[in-house]
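Have a look at the structure below, then the notes.
The values are calculated or read from the model by the stated rules, or taken from the named source; none is laboratory data. Source: prediction; values computed, not measured. Cβ placement follows ideal geometry from the backbone for every residue including glycine, while neighbour counts extend to all protein chains displayed.
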Amino acid sequence: MTWSNTKNEELKARAHKVIPRGMFGHQSTGMLPDEYPQFFSRARGSRLWDVDGNEYIDMMCAYGPNLLGYGFEPVEAAAAAQAALGDAMTGPSQSIVELAEALVGMIDHADWAIFCKNGTDATTIAIVTARAQTRRRKILAATGAYHGAAPWCTPRPAGVLPEDKAHIVYYQYNDADSLEAAFKANEGDVAGVIATPFLHETFKDEADVEREFAATARQLCDKAGAMLILDEVRAGFRLARGSSWARLGVQPDLSAWGKCIANGHPISAVVGSDAARKGAESIFVTGSFWFAATPMAAGVETLRHIREGDYLERTIAAGRRLREGLQQQAAAHGFTLRQSGPVQMPMILFEDDPDFRLGYAWVTEALKRGVYLHPYHNMFFSAAHSLEDMATALAATDDAFAAVKQRKGSLEPHPVVARMFAPH
Ligand SMILES: *Cc1c(COP(=O)(O)O)cnc(C)c1O
């Protein structure tokens, strides 16, 4: 079947009339190459179908939530069984206790859990808990890190008051000196430090956390009586079956989880150690849907597969296959790729491509050949991404490299990206 986007374009036109800018957030119109579909009809395993019926090997996994494969049967069965009994009820089902027990059992620093819906809820509850626990104001966050879309952390300035971010102080990720300086400048008023498990920002190469940096963050927090908060919303359970920093021997006091913890069902969590329990007991946080039982049943089953299955080894094998294949293809076609980060959460950028015109052209050519890649966000794989899927994807990316090579002289930057990177 040849690729087409008639239905998608019709829906985009309708959306523009009834949805601000046609779409919001990271799906806003113009945030991806123009040919990228905005509307999807279904997903299964490693595959995604858009409204025009085009089938893709999906390298984004819903921007993280898909870990075991779309529609993974055991999780869907657990969710369906609970949904048949009741979902949003006047209070939680017993699965809230089972889910909290599972997380406390899997994450070394966790002694308790609070459940919410989105990663933003979880990171926000974590900083509120740190402030309640310490009775201090300042939260130290890395410049450019994404922690969600609430006023304290949203990357866009519109509608946000300086007061909303007044007590967020910035340091440079992996720069222990900048963290120490932030502590010094706010002595006696630091409630906590928030950090992602590794550097994963849009438009940038990923970078692993430096052990020295993580250890210093822990020491500085201990010395100042501040809480160390790990934002695991994106990386959690994609690097390890517990805390991402356990391998470094660094335990945070609080961590925020979301995205894949129920394989696509809407639930997120804050977990904490007993050092943060008083704070967690004192705050008021809730939501109409936060006690819903279906996502919790899905979460219990997802966590069981995380503990007992080989999803992690599979995603790593798939990621390694893609990375090696792309490296060879790029070289054969005369391009240099920068593939950074863990193979199972890669950032794939072109060298010498400051306005992303090569990247945009390449992912668009791959899209039309049945592979959904991202030009500037880290990608994700699931346990359903088989080595055969990666071989199929690589056949498409090889042709995509050849097509870009042919068009190279006539490529233009996407206007939105050009504006973003225009010298001021
Ligand atoms: C996605 C993300 C969030 C926000 O999660 P939402 O579910 O989108 O609110 C927070 N932190 C990190 C690191 C994320 O990747």
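Considering every residue within the stretch 289-307, establish whether at least one is in contact (Cβ under 8 Å) with a residue 60 or more places away in the chain, among the hydroxyl-bearing types (Ser, Thr, Tyr) and in the same structural domain as Pro37 (by TED's automatic domain parsing).
As a first pass, look at the stretch 289-307 and keep what is in contact (Cβ under 8 Å) with a residue 60 or more places away in the chain: 289-307.
Okay, now just the ones that are also among the hydroxyl-bearing types (Ser, Thr, Tyr), so 294, 302.
Next, from what is left, pick out any that are in the same structural domain as Pro37 (by TED's automatic domain parsing): none.
No, there is no match, as no residue in the stretch 289-307 is in contact (Cβ under 8 Å) with a residue 60 or more places away in the chain, among the hydroxyl-bearing types (Ser, Thr, Tyr) and in the same structural domain as Pro37 (by TED's automatic domain parsing).
Is it true that some residue in the stretch 262-273 is within 21 Å of His147 (Cα to Cα), in a helix (DSSP H, G or I) and in contact (Cβ under 8 Å) with a residue 24 or more places away in the chain?
If we filter the stretch 262-273 for residues that are within 21 Å of His147 (Cα to Cα), which is where we start, we get 262-273.
In the following step, the residues that additionally are in a helix (DSSP H, G or I) were identified as 262.
Within this subset, residues satisfying the condition of being in contact (Cβ under 8 Å) with a residue 24 or more places away in the chain are 262.
Among the residues of the stretch 262-273, at least one is within 21 Å of His147 (Cα to Cα), in a helix (DSSP H, G or I) and in contact (Cβ under 8 Å) with a residue 24 or more places away in the chain, which makes the answer yes.
Taking residues in the stretch 232-249 that are in contact (Cβ under 8 Å) with a residue 60 or more places away in the chain and farther than 14 Å from Val271 by Cβ, and partners anywhere that are more than 13 Å from the ligand (Cβ to nearest atom) and among the charged types (D, E, K, R), the pairs with Cβ atoms closer than 7 Å and at least 6 places apart or on different chains are Ala240/Arg247; Arg241/Arg307.
For the stretch 388-407, the count of residues that are in contact with a Lys or Arg (Cβ under 8 Å, 6 or more places away or on another chain) and outside any helix (DSSP H, G or I) is zero.
Looking only at the stretch 402-412, filter to residues that are of a type outside the set (A, V, I, L, M, F, W, C) and under 22 Å from Leu326 (Cβ atoms); which one of those is surrounded by the fewest Cβ atoms within 10 Å (Cβ to Cβ)? Reasoning before the result, please.
Restricting attention to the stretch 402-412, the residues satisfying the condition of being of a type outside the set (A, V, I, L, M, F, W, C) are 405-410, 412.
After this cut, where a residue has to be under 22 Å from Leu326 (Cβ atoms) as well, the list is 405-408.
On the way: Lys405: 15, Gln406: 10, Arg407: 12, Lys408: 14.
Looking at the filtered set, the residue picked out is Gln406.
Residues that are touching a residue at least 24 places away in the same chain (Cβ under 8 Å), part of a helix (DSSP H, G or I) and away from the ligand (no atom under 16 Å from the Cβ) do occur in the stretch 56-74, at least one of them. When Phe24 is tested against (1) in contact with a strand residue (DSSP E or B) (Cβ under 9 Å, 6 or more places away or on another chain); (2) modelled with pLDDT under 95; (3) closer than 28 Å to Thr286 by Cα; (4) among the hydrophobic types (A, V, I, L, M, F, W, C), just one condition goes unmet, and that condition is (1). Within the stretch 209-242, if we keep just the residues that are of a type outside the set (Lys, Arg) and under 20 Å from Leu68 (Cβ atoms), the residue that is farthest from the ligand (Cβ to nearest atom) turns out to be Gly242. Of all residues in the stretch 106-152, those satisfying the criterion of being of a type in the set (A, V, I, L, M), out of contact with any Phe, Trp or Tyr (no Cβ under 7 Å at 6 or more places or on another chain) and part of a strand (DSSP E or B) are Ala113, Ile114, Ile139. None of Pro197, Pro157 is assigned to a loop (DSSP other than H, G, I, E, B), assigned by TED's automatic domain parsing to the domain that holds Leu103 and modelled with pLDDT of 95 or more except Pro197. Please go through the stretch 118-128 and give me each residue that is surrounded by fewer than 24 Cβ atoms within 10 Å (Cβ to Cβ) and either more than 8 Å from the ligand (Cβ to nearest atom) or outside the structural domain of Ala102 (by TED's automatic domain parsing) (or both), ordered by number. Hits for the stretch 118-128 are Thr124, Ile125, Val128. How many residues does the stretch 129-161 hold that are of a type in the set (A, V, I, L, M, F, W, C), surrounded by 24 or more Cβ atoms within 10 Å (Cβ to Cβ) and either within 15 Å of the ligand (Cβ to nearest atom) or more than 18 Å from Glu281 (Cβ to Cβ) (or both)? The total comes to 3.
Quick check on this structure: which one of Ile125, Ile139 is within 27 Å of Leu248 (Cα to Cα) and either among the small types (Gly, Ala, Ser) or within 20 Å of the chain's Cα centre (by Cα) (or both)?
Matching residue, one of Ile125, Ile139: Ile125.
Scanning the stretch 317-336 for residues that are hydrophobic (A, V, I, L, M, F, W, C) and either assigned to a loop (DSSP other than H, G, I, E, B) or surrounded by fewer than 17 Cβ atoms within 10 Å (Cβ to Cβ) (or both) turns up Ala331, Ala332, Phe335.
For Gly264, the criteria (1) more than 15 Å from the ligand (Cβ to nearest atom); (2) of a type in the set (Gly, Ala, Ser); (3) touching a strand residue (DSSP E or B) at 6+ places or on another chain (Cβ under 8 Å) hold in every case but one, which is (1).
In the stretch 24-55, of all residues being in contact (Cβ under 8 Å) with a residue 60 or more places away in the chain and under 18 Å from the mean Cα position of the chain (by Cα), the one that is surrounded by the fewest Cβ atoms within 10 Å (Cβ to Cβ) corresponds to Gly25.
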